[in-house]
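Chemist: Below: one structure in C-alpha cells.
The values are calculated or read from the model by the stated rules, or taken from the named source; none is laboratory data. The structure presented is a predicted model; accordingly, all values stated were derived computationally and were not measured. Note that we place each Cβ from the backbone using ideal geometry, even for glycine, and neighbour counts take in every protein chain shown. In case anyone asks, the SASA skips ligands and DNA or RNA and just uses the protein heavy atoms, side chains included. Shrake-Rupley method; radii C 1.70, N 1.55, O 1.52, S 1.80 Å.
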Amino acid sequence: MNPLTEEAHRRLIETARKKEAASLYFPDASVLHVYSGIVQKENVWISGDRIAYVGPDEPLISEKTEIYHLKENQVMVPAYIEPHAHPFLLYNPLTLGTYLTEKGTMISVNDNSFASGHLNEEQMRAFVEELDQTGRHTWLWWAYFEEHRPATRALEKWLDHPYVMQGGELSHWLPFKLGSPDLYEKLFAVRYSGKRMESHLPGSSVTTLNLFASAGVSADHESMTARDVINRLNLGYYTAIRYSSIRPDLPEIMCGLAEQPGFDLSKLMFTNDGASLPFLNRATHASMIKLAMKSGISAPDAYRMATLNPAVYYRMDDTIGSISPGRIADINIIERLDDPEPTSVLFEGKWLVRDGEKVAKPASFAFEPYFNQANLAHLPDECPIHETTSTGLELQNSVITRPYNFDPNSALAENECYLTYLCRTTGAHLSTRIKNFSHSLCALASTYCASGDILIIGRDRKAMAHAYQTIRNGFQGITAQFDESGAFSINLDLLGVMSKKSINALSSEAEQFIEHMKKNGFAFDDPFFCLFFLTELHLPFIRLTSKGIIEIKSNEIIAPTINS
C-alpha cells in the first residue's frame with residue numbers, strides 16, 4: 001500500500017476542487033454506501049490511486065480522463081478485506097494475493113509465522129516491501145509470537161513496521177494461562193504499540209475468554225456456533241466467522257445470528273482462515289457474502305462484514321473499506337447486489353480485471369533469495385522405518401489426533417499405516433503408526449508440514465524407503481505411490497511447502513491428490529491440513545515434534561525421538 005505523498009494529497013484536493021482533471025470518471029454509477037447501507041446513483045471521480053469525489057457533480061475532464069459507464073444493473077462496492085490469511089499453504093503470498101484480488105478481495109492481513117521462521121528481521125522487511133511493489137494486492141501482516149519466540153525486542157521492532165496490523169494469532173496459549181512472564185511481556189508490547197491482538201481460542205469458556213480479553217486480545221476467529229460468537233461479542237471481541245476447509249461454519253452460524261432480533265453485526269467479519277485447495281475456490285469473500293445473505297442477513301450487513309467492519313477493526317476505515325472521498329480506489333463492480341462476484345476490479349485506481357477480462361500482465365517475483373531449497377543435510381542416509389514406540393496417532397478428523405497403543409510385532413490393521421517422522425534440522429526421528437490415514441497407500445513422503453520436517457507414511461516399507469530417497473535426492477513437496485491408482489506428486493519448490501504455480505493450476509493438482517487419497521481410504525475431508533498439522537503444536541491431543549510425540553495439554557513428551 002503506497003503511502004499518500006504530499007504531491008498526491010495536493011492533487012487529490014485540486015481534483016475535488018475541479019482545478020485538476022480526474023484520471024477516471026464513473027458517471028451516474030450505482031454505489032453501495034456501506035456506512036448507510038443505501039444504494040444510490042453517484043458520480044465518482046478518481047485521482048490517481050484515490051477517490052476524490054462521490055456525489056452529483058461532474059469533474060474537470062481532460063483528454064487523459066478515462067470515462068467508464070456502468071451498465072444499468074451494475075453496482076460499485078468496496079474491495080473485500082480478508083482479516084486472517086495464511087499465505088503459505090501450497091500457494092505462496094503472491095499467487096494467493098493475485099487470486100484474491102481478481103476475486104475482489106484486494107486487502108489481506110497475513111500470518112508471518114512461516115516466513116519469520118526462515119528469514120531474519122532485515123530479510124523479512126525486504127520481503128514484504130518488495131512483495132508490495134508487485135501492485136497486485138495489499139498484503140498487511142501479523143506479528144506472530146509464542147513463548148520465547150521471537151525475543152520481545154524483535155517483536156517490538158516488527159510491530160513498528162507500517163504494514164503490521166496486529167499481534168497474533170496467539171495459538172500456543174496454554175503457557176499464558178499458566179502465568180508465562182514472557183507472554184505477559186509480549187502481550188504488553190502489542191498493547192503498547194497500539195496494534196490489534198488476535199487469539200486462537202477454540203471451545204473456550206467465558207472465563208478463559210475474559211482472561212485473554214483482560215490481556216488485550218481484541219479478536220478471535222474460532223467461533224463454532226452462534227453462541228460462541230455471542231460470548232465473544234459480549235466481552236468486546238471482534239469475531240471473524242469462518243468458511244474454511246476444516247471449519248465451514250459460516251452458514252450455520254449466520255442462520256443462528258439472523259434469528260436474534262436486533263442483533264448488531266458491526267463487529268463481525270468473514271474469513272476463510274487459510275482455506276486449502278481446492279476449497280479456496282468456493283471460499284472467496286464473494287461466496288461468503290452470498291452465503292450470509294442466503295442465511296437471512298441483509299445485503300448491506302453482509303457487505304459490511306467483508307468491507308467496513310474489518311477496516312474499522314484495523315483502524316483503517318479512513319483509507320479502505322468504503323467508496324468515499326480520500327479512500328484508496330479499490331473498487332469492485334458487480335452485476336447486481338445479490339451477486340457479489342465482481343466482473344471488474346479496480347485496484348489502487350488501475351484496472352486489473354475489466355468487463356470479465358484480466359487486463360494486467362502477470363506479476364513476477366524472485367522468491368529464491370527468500371525461500372528456496374530446504375536444507376536436508378542432517379537427514380540420515382536410510383529411512384528409519386521400524387517402530388521406535390508403541391504409541392500411535394489416531395486421526396479423529398482431518399487435524400485432531402489421539403494416542404492409541406499398538407503391538408509393534410503385530411501386522412497392520414486395515415485402517416493403519418506406518419509413520420516415520422524426521423526432523424529436518426537435527427535428523428532426530430521416530431517411527432510409529434497412524435490410523436484412518438489410508439487402507440491401501442503404498443507410500444507417501446512429504447516435506448509439507450508446519451514445522452518443515454519430513455513425514456513418511458505408508459503400508460509398504462520398501463515403497464516408503466524409496467519415497468524417502470526421493471526426498472533425500474532433492475524433491476520438495478508430496479509424492480505418493482497408491483496401490484490402485486499409481487504414483488502422484490505435487491512439487492512444492494519453495495521450502496517444500498509452497499508452489500510457484502497459479503492458484504488454478506495448483507487447484508487441479510490438489511483436487512487429484514484428494515481424490516486419490518479418498519479412494520485409498522483417507523477417512524476425512526482434507527489430507528493437506530492433516531499432513532500440515534501433524535507437527536503443529538496448537539491442536540489437540542498429540543503432535544509430532546523434534547523431541548518426540550508431545551501430549552499438548554500436559555506439554556509432556558510421551559514417546560521420544562531418536563538422534564541419528
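Chemist: Lys/Arg Cβ at +1, Asp/Glu Cβ at -1, dipole of the chain taken about the Cα centre: which of H386, P369, N112 is farthest positive-ward?
Modeler: Towards the positive end, the residue furthest out is N112.
Chemist: Right, another one. If you fit an axis through the alpha-carbon atoms of helix 181-193 and take the longest principal axis of the Cα set of the chain, what angle between them do you get, 0 to 90°, nearest 10?
Modeler: 10
Chemist: Report, in listed order, any pair from K41/K103; K71/K290; K350/K500; K18/K41; K350/K501; K157/K501 with a Cα-Cα distance greater than 27 Å. Intermediate values should be presented prior to the final figure.
Modeler: Working: K41/K103 24 Å; K71/K290 21 Å; K350/K500 25 Å; K18/K41 20 Å; K350/K501 24 Å; K157/K501 33 Å.
Violating the 27 Å Cα-Cα cut-off are K157/K501.
Chemist: I need the phi-derived Karplus couplings for the stretch 345-361: 6.51 cos²θ - 1.76 cosθ + 1.60, θ = phi - 60°, integer Hz, Gly and Pro marked x.
Modeler: 10, 10, 10, 6, x, 10, 6, 9, 10, 9, 6, x, 10, 6, 10, 9, 5
Chemist: Which whole-number percent is the relative contact order of the stretch 285-418 (Cα, under 8 Å, 6+ apart)?
Modeler: Values: 124 pairs, mean separation 15.5, N = 134.
Rounded, it is 12 percent for the stretch 285-418.
Chemist: In terms of modelled amide H atoms, which long-range or inter-chain residues lie less than 5 Å from the amide H of I241?
Modeler: M269, F270, T271
Chemist: Turning to a different aspect of this structure: In the chain, carbon and sulfur make up what percent of the accessible area (probe 1.4 Å)? Each step should come with its number before you reach the end.
Modeler: Numbers: 10790 of 22040 Å².
Reported share for carbon and sulfur atoms: 49 percent.
Chemist: Another question, if that's okay. What dipole magnitude, in Debye to the nearest 20, does the chain give about its Cα centre under +1 on Lys/Arg Cβ and -1 on Asp/Glu Cβ?
Modeler: The calculated dipole for the chain is roughly 320 debye.
Chemist: Taking the chain as the reference, fit the longest principal axis to its C-alpha atoms, fit the long axis of helix 93-102 to the helix C-alpha atoms, and give the angle between the two in degrees, 0 to 90, nearest 10.
Modeler: That works out to roughly 40 degrees.
Chemist: Put +1 on the Cβ of every Lys and Arg and -1 on every Asp and Glu Cβ in the chain; which of H161, A258, H137 then has its Cα farthest towards the positive end of the dipole?
Modeler: Of the listed residues, the answer is H161.
Chemist: Based solely on its DSSP helices, what 222 nm [θ] is calculated for the chain when runs of n ≥ 4 H residues each add -39,500 (n - 2.57) and the sum is averaged over all residues, nearest 500 deg cm²/dmol?
Modeler: -7500 deg cm²/dmol
Chemist: Return the long-range amide H neighbours of N112 (sequence gap of 5 or more, or a different chain), with a cut-off of under 5 Å between placed amide H atoms.
Modeler: W142, Y144
Chemist: Pop out the ³J(HN,Hα) list for the stretch 158-165 in order, Karplus 6.51 cos²θ - 1.76 cosθ + 1.60 with θ = phi - 60°, rounded to Hz; leave Gly and Pro as x.
Modeler: Per-residue couplings from phi come out as 5, 4, 6, 6, x, 7, 8, 9 Hz.
Chemist: Between the stretch 246-319 and the stretch 355-433, what is the separation of their alpha carbon centroids in Å?
Modeler: 33
Chemist: How high is the relative contact order of the chain? Use alpha-carbon pairs under 8 Å, at least six apart in sequence, and give a whole percent.
Modeler: Reported relative contact order: 13 percent.
Chemist: Using DSSP to define loop residues, name the trypsin sites (Lys or Arg not before Pro) in the stretch 39-76 whose beta-carbon has at most 15 other beta-carbon atoms within 10 Å.
Modeler: K64, K71
Chemist: Would you mind checking the tilt of helix 503-519 against the longest principal axis of the Cα atoms of the chain, expressed as 0 to 90 degrees and rounded to 10?
Modeler: 40
Chemist: Karplus couplings for the stretch 217-224 from phi (6.51 cos²θ - 1.76 cosθ + 1.60, θ = phi - 60°), rounded to Hz, Gly and Pro as x?
Modeler: So the J values, rounded to whole Hz, are 5, 10, 8, 8, 10, 9, 5, 10.
Chemist: If you don't mind, another one. Which whole-angstrom value gives the distance between the alpha carbon centres of the stretch 1-32 and the stretch 156-212?
Modeler: Centre-to-centre distance over Cα atoms comes out at 39 Å.
Chemist: Something else about it: Work out, in µm²/s and without decimals, the Stokes-Einstein translational diffusion coefficient of the stretch 141-240 at 25 °C, 0.890 mPa s, Rh from Kirkwood over C-alpha pairs.
Modeler: Rounded to a whole number, D works out at 182 µm²/s.
Chemist: Note down the relative contact order for the stretch 1-147 as a percent, whole number, built from C-alpha pairs under 8 angstrom at least six residues apart.
Modeler: 19
Chemist: Let me ask another. Can you bin every Cα-Cα distance in the chain into 10 Å intervals starting at zero and give me the percent of pairs per bin, rounded to whole numbers?
Modeler: 3, 17, 26, 25, 17, 7, 3, 1, 0
Chemist: Under unit Cβ charges (Lys, Arg +1; Asp, Glu -1), what dipole magnitude, rounded to 20 debye, does the stretch 416-532 have relative to its Cα centre? The partial results should precede the final answer.
Modeler: On the way: 11 positive and 11 negative charges, 73 e Å.
Dipole of the stretch 416-532, to the nearest 20 debye: 360 debye.
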